[in-house]
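Here the structure is laid out as structure tokens; the discussion comes afterwards.
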Amino acid sequence: MPITELTPQRPVSPYGKSKHMSETAIKDMVATHPKMNVAILRYFNVIGSDPDNRVGEVPRRSLSHFGRISAACFQAAKGEREALHIFGTTHDTPDGTCVRDYIHVSDLVSAHVKGRFDLPAYSIRMAVLCIT
């Protein structure tokens, strides 16, 4: 099922509800201050590093026992781990594993820059809400 801007938002966790409340508050602020320009960026599961290692992650080995997918991917790519194991086979997907979407950190930086410079300048400062 594709999720679009028109899909009803029904958060199911306190975390999701807090993000929804923040977005609602910003939309209410814009409604009362029409000159306010806002970019709301929704994203999750940021992964990777840019080619020059200026931004991104270099996972610490001490965190690997928490099951971070990024750490496991990097370890497998560097030959420090024999394989990348995916657990869970009860989801309603072709292979039974859950579906996760990821955004590369360089794409995220580009989105922030584009969001900032694509908004017209007014006397009231722009606010950017990043929902992760």
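Can you sort LEU84, LEU6 so the residue with the fewest Cβ neighbours within 10 Å comes first?
Result, fewest neighbours first: LEU6, LEU84.
At a 10 angstrom cut-off on C-beta neighbours, averaged per residue, how do the peptides 101-112, 7-18 rank from highest to lowest?
101-112, 7-18
Less than 28 Å apart at the alpha-carbon level, and either on another chain or at least 8 residues along: which lysines does that give for LYS114?
Within reach: LYS17, LYS19, LYS27, LYS35.
Read-outs throughout are calculated quantities, based only on the coordinates presented, and are distinct from any laboratory measurement. Everything quoted here is computed from the prediction, not taken from an experiment. Ideal geometry is used to build each Cβ from the backbone, glycine not excepted, and the neighbour counts take in all protein chains shown.
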